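*Asks:* Submitted below is the structure of interest, expressed as structure tokens.
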Amino acid sequence: MGRFSAMVAVMLASTLSATGQVTHRLHDGLTLFVHNAEGRDFSLRLSVRDLNLFEHGPREVLVKVYDPQGRTLVRQVLPDDGITKPLFQLPMAAWDHEAWFHAYAQEKGAALLRWSAQSDPERLASVPKRDFTFAVRGGVRGIYRILIVGSTDHYVTWQLEPKLAYAISGHPDWLHGQAGPGRKAYVYVPPGSVGLHVAWAEYDQPRQRRLLIRTPDGRELVNHPGGQIFWRQQVDFQQPGQWDEQVLTVEVSPGTNDYLLLLKFRLAKNAQINYRGELVAPAVWADDEATARAVRGGAIVHDGQVFWHGFQVRFHDWLKKLRPEDFEVRNDKGELASPAPGYEKLLGKPLPLLPQRPGFLSVNGPYWGPPLCDVILHHWPAHKNRAALHVALRDLQAGLRSIGPNDHVSVALGGPFANLAYEFSNYAWHYWRPAWRILRHTDAPEDVKSIVRDAFLVAGDRLAFCRSWERINGNAYAQVLAALRYCCEATGDPLQKELFDTYWHRFTTGGWGERVGVGPSGPVQEGFAYEHHYGSYLLTTWQAILTDVPDERLQRVYDGVRRWFSYTLADENVPAGAWSSRTHYYPHWKIETEGPFAWKGLPGPDFTESIQGANEWFAARRKNYYVLTYHGRLSPKWQSHSHLGQSGYGGGMICQLHVPGRGPVLASVLNGAYGENMDVSQWRTFRLHTLAGVQADGSPFVAGDSEHFDARLVGTRVESSGAIRGTPLYIRRAFTFDDQQIVGEVQLQETPDTELLTLWLKHPLRGRVREAYELIPFLPQTRPVPGRKPSPTAVALLDDQGNATARLDEKPVLAKALLIDRGGFGVRIYFDQPRPVFRTSQGVLFVQLTDKVVAAREIRLSYRLVPFGN
């Protein structure tokens, strides 16, 4: 223990120079809590370096300074350095993706870059910096907050003149520590703390650092021995509040690696605050105990309660001036009344309703319920009851109190983290619309309107810089855009309007990343690919914003998603979206039967199309069939490596084959969500249209695990090809959509990289397979009919005259043609030559292409699909 404790030094997770300058990497933001005991004027000198490594496109930096009363003294967005051409090819959003990639690469012995080297002072000195100076007006004694938010590509160097003591907090989760000596920090425990969340990440090897947290009396509270790429722990205090307003010490041992450190205080439940999950307070790190006690973790103790912002205190005091009877809602008869459905339950007795206004739409549809204030304010124009407005304001204040010292909602769900796209946007924090209604549609007093506007200048500015972890989950990320739209309408602030415009443009053009936001084919992407189920949420959740604040830009996105679903939905609620990057569930959207977004599987004129011209999905309709194929992007391998299996397949597969007016016949579906039972090794259980088998070295391959970026439609013929990921194999697919039939062709090949890979040595097993099948999935039951139990789909061999002969079962037989009959409709399949085939009880045809070791190029097949029955 001696070496560990002897080498501790100042811990600001940064590089401290002799000049007092401090350099820190953002993840995504920092808040400095400056102890200005005399209320002096001071200046912030800030230098910004941009690695331009991970991010795609420009990334601005938000700088704000607040005085002790919460007044904004500095509010500026620093422009990007102008270097915007993407360098890093892997799509990533936040720390966990970067960590997964490092773990994935290290497991495969293929680590490429040393993460910690990016922080090397000599290397950083070679990165151009841009210098900014901000004059901060004093005049008020106390704690000034400096907020800096950017991206993980940003290193910031700051200096305060004159020198003032300060403490620091990272947000939304991490502080980035750099290689070097051990470090020590002092952390104030805010009132109401019942425990801790602690997390640690150290990407590079060898991992030698240790973490120790001690109680004020010197006992060990947390002791992390190190050695893991990621570690976390939840701590329960023996007695809630036992360390309130005392100081913990945090010690990090010496090491050659950078690291990430998270510490959040778990707070007791508080009925006066509205939030989802667990209320937390981020640790605020100081280099001495006196500063830690002066800063108090950013907490403002007022009227016996803990607040984090001046607007929270002002709102509390404004409400306190109201009398109890000011919250008694009464109707025109003088009776106690309910301002919104459900309010009477809070009072525990039945009450008559005030007049109501029709058409309430939750800003998150059925996925999270609205707060009381949102419902009251929808109905308020119908009665304009002053007490009801007071109740709504009180409820809004309860929601605003969940915003912590880093300007965003401070909660944790299922551990130490919270994705702010969920917890701070319209997904779960439904206070953006109530603010808009209060500021634009009520006669609330101007003094409280001023408080609400100030609150949403704080919240909206920070939300506009939620653009890292948030972008992985498209269904929630879209709600950031909706929340920002309400916010800029509420405040009327020109900067917030500009921030929204920028956010929308990047959301719709790949500016947040090529696989983020609206994809080329129209839907909002999820997990860096397309998600069938979650992709439908926007169609419900955006109904509110499009009704309240009609916006042609948002409408275009909405219509693009509806148009995409007009191709990808399937009859009988068959989840024929095996490309789905997350789940296997059917979308929350019904087939439309008329209008511009009517489902394309309905009978109608012939067409052959590339959806949105993006060359990812191709659709064709004829009198006897509707078919959809997928050739596009898939969830990255490093991401699926952290799932239960490969999350989504494609590779030019038939997603669905439908007989118009009758029903689906063929459909590719996933076995479970997040890769459950979909690992490549489980290919024999798949219900996909794909080529699959075993390579000569014994490892499996699934051709559907490929992205075909060369897919093209020429006339009625689609051709595409791509590398089968994780293998030295390559797949080619083609479909010709004739008037009565579909001709499918598949060809396996060695990787085009063979010449490079055999530059010096030829591997005897590379590019060869020992087992290969074409899988053709069909619906295993006849179409459901009310009052009748479905029967198994009939699969039979066809003779040369087209007559059905023997039923096909799980025993391989040689066949030239097959019949799949779902009860008077189905498809006939004609192979290029007699092939060994069998079926599974799950509804998959296996067409054997080899059972001996052959070169990949010898695996080829063509066949005709002739639908019938309409």
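*Asks:* Considering only C-alpha atoms, what is the centroid distance from the stretch 97-112 to the stretch 386-448, in Å?
*Replies:* 40 Å
*Asks:* Taking the Cα centroid of the stretch 235-271 and of the stretch 130-171, what is the distance between the two, rounded to the nearest whole Å?
*Replies:* 23 Å
*Asks:* Which of the chymotrypsin sites (Phe, Trp or Tyr not before Pro) found in the stretch 712-819 are in a DSSP loop and have at most 10 neighbouring Cβ atoms, other than their own, within 10 Å?
*Replies:* The qualifying sites are Trp760.
*Asks:* Using a 1.4 angstrom probe, figure out how much accessible area the chain has per residue, in square angstrom, rounded to the nearest whole.
*Replies:* Value returned for the chain: 38 Å² of accessible area per residue.
*Asks:* Okay, moving on. Given the pairs Lys600/Lys623; Lys269/Lys349; Lys85/Lys129, which span a C-alpha to C-alpha distance of over 23 angstrom in this model?
*Replies:* Lys269/Lys349
*Asks:* Please list, in order along the stretch 511-516, the HN-Hα scalar couplings obtained from phi with the Karplus expression 6.51 cos²θ - 1.76 cosθ + 1.60 (θ = phi - 60°), rounded to whole Hz, x for Gly and Pro.
*Replies:* Going residue by residue, I get x, 8, x, 4, 10, 10 Hz, with x marking Gly and Pro.
*Asks:* If R₀ is 51 angstrom, what is the calculated FRET efficiency for the pair Glu335 and Asp236, using the beta carbon separation as r and rounding to 0.05?
*Replies:* For Glu335 and Asp236, the calculated efficiency is 0.60.
*Asks:* Would you please give the residues with an amide H less than 5 Å from that of His302, counting only those at least 5 places away or on a separate chain, with H modeled from the backbone geometry?
*Replies:* Phe307
*Asks:* On a full-extension model of 0.36 nm per residue, what is the gain between His641 and Asp832, subtracting their alpha-carbon distance, rounded to one decimal in nm?
*Replies:* In short, 65.0 nm is gained.
*Asks:* When Lys and Arg each count +1 and Asp and Glu each count -1, what net charge do the other residues less than 12 Å away from Cys373, Cβ to Cβ, add up to?
*Replies:* Combined, the nearby Lys, Arg, Asp and Glu give +1.
*Asks:* Each residue of the stretch 553-559 in order: what ³J(HN,Hα) in whole Hz does its phi give by Karplus 6.51 cos²θ - 1.76 cosθ + 1.60, θ = phi - 60°, with x for Gly and Pro?
*Replies:* 5, 5, 5, 4, 5, 4, 5
*Asks:* Turning to a different aspect of this structure: Lys108: which lysines have alpha carbons under 24 Å from its alpha carbon, excluding same-chain residues fewer than 8 sequence positions away?
*Replies:* Within reach: Lys637, Lys762.
*Asks:* Cross-link partners among lysines for Lys852, C-alpha distance below 19 Å, same-chain residues fewer than 8 apart left out?
*Replies:* Reachable lysines: Lys811.
*Asks:* Once you put a point 7 Å from the Cα of Lys129 and another 7 Å from the Cα of Lys321, both along the Cβ direction, what distance in nm separates them?
*Replies:* So the label points at Lys129 and Lys321 sit 4.7 nm apart.
*Asks:* How much length would be gained if the chain were fully extended between Asn803 and Arg788, taking 0.36 nm per residue of separation minus their Cα-Cα distance, in nm to one decimal?
*Replies:* Taking 0.36 nm per residue and subtracting the Cα distance, the gain is 2.6 nm.
*Asks:* Report the label-to-label distance for Asn223 and Arg553 in nanometres (one decimal), using points 7 Å from each Cα along the Cα→Cβ vector.
*Replies:* 5.6 nm
*Asks:* Per residue of the stretch 373-386, in order, report the coupling 6.51 cos²θ - 1.76 cosθ + 1.60 (Karplus, θ = phi - 60°) as ³J(HN,Hα) in whole Hz, putting x for Gly and Pro.
*Replies:* 3J(HN,Hα) across the stretch 373-386, in whole Hz: 5, 5, 6, 4, 6, 5, 7, 4, x, 6, 9, 6, 7, 5.
*Asks:* Sticking with this one: Amide H neighbours of Ala337 under 5 Å, at least 5 residues apart or on other chains, H built in the peptide plane: list them.
*Replies:* Here the answer is Val329, Arg330, Asn331, since their amide H atoms fall under 5 Å of that of Ala337.
*Asks:* Under a Cβ-Cβ cut-off of 10 Å, what is the net charge of the residues other than Leu164 that fall near it, where Lys and Arg count +1 and Asp and Glu count -1?
*Replies:* That works out to 0.
*Asks:* Over the stretch 713-833, what is the relative contact order in whole percent, taking alpha-carbon pairs under 8 Å and six or more residues apart?
*Replies:* 14 percent
*Asks:* Right, something else. Name the lysines eligible as straight-distance cross-link partners of Lys497: C-alpha to C-alpha under 24 Å, and not fewer than 8 places from it in the same chain.
*Replies:* Within reach: Lys64, Lys449.
*Asks:* Shape verdict for the stretch 557-623, please, from the Cα gyration tensor: rounded (a/c under 1.5), prolate (a/b greater than b/c) or oblate.
*Replies:* rounded
*Asks:* Rounded to the nearest percent, how much of the accessible area of the chain (1.4 Å probe, protein heavy atoms only) is carbon and sulfur?
*Replies:* 51 percent
*Asks:* Please give the peptides 106-116, 567-577, 73-83 ranked by average Cβ packing (other Cβ atoms within 10 Å per residue), highest first, as a rough proxy for protection.
*Replies:* Ranking, from highest mean packing down: 567-577, 73-83, 106-116.
*Asks:* Which parts of the stretch 541-567 would a label at His588 reach, counting a residue when its backbone N lies under 15 Å from a point 7 Å out along Cα-to-Cβ?
*Replies:* 541-545
*Asks:* Summing -39500 (n - 2.57) over the DSSP H runs of n ≥ 4 in the chain and dividing by its residue number, what mean residue ellipticity at 222 nm do you reach, to the nearest 500 deg cm²/dmol?
*Replies:* That calculation yields -6000 deg cm²/dmol at 222 nm.
*Asks:* Of His532, Val452, Ala337, which is farthest towards the positive pole of the chain's charge dipole, taken about the Cα centre with +1 and -1 on the beta-carbons of Lys, Arg and Asp, Glu respectively?
*Replies:* The Cα lying farthest towards the positive end belongs to Ala337.
*Asks:* Can you tell me the length gained on complete extension of the stretch His763 to Ile83, counting 0.36 nm per residue apart and subtracting the Cα distance?
*Replies:* Extra length available between His763 and Ile83 comes to 240.5 nm.
The values are calculated or read from the model by the stated rules, or taken from the named source; none is laboratory data. Quick caveat, the model's predicted, so the values are computed rather than measured. Note that we place each Cβ from the backbone using ideal geometry, even for glycine, and neighbour counts take in every protein chain shown. When the accessible area is computed, the model is the full protein with side chains, heavy atoms only, and any ligands, DNA or RNA have been set aside. Shrake-Rupley method; radii C 1.70, N 1.55, O 1.52, S 1.80 Å.
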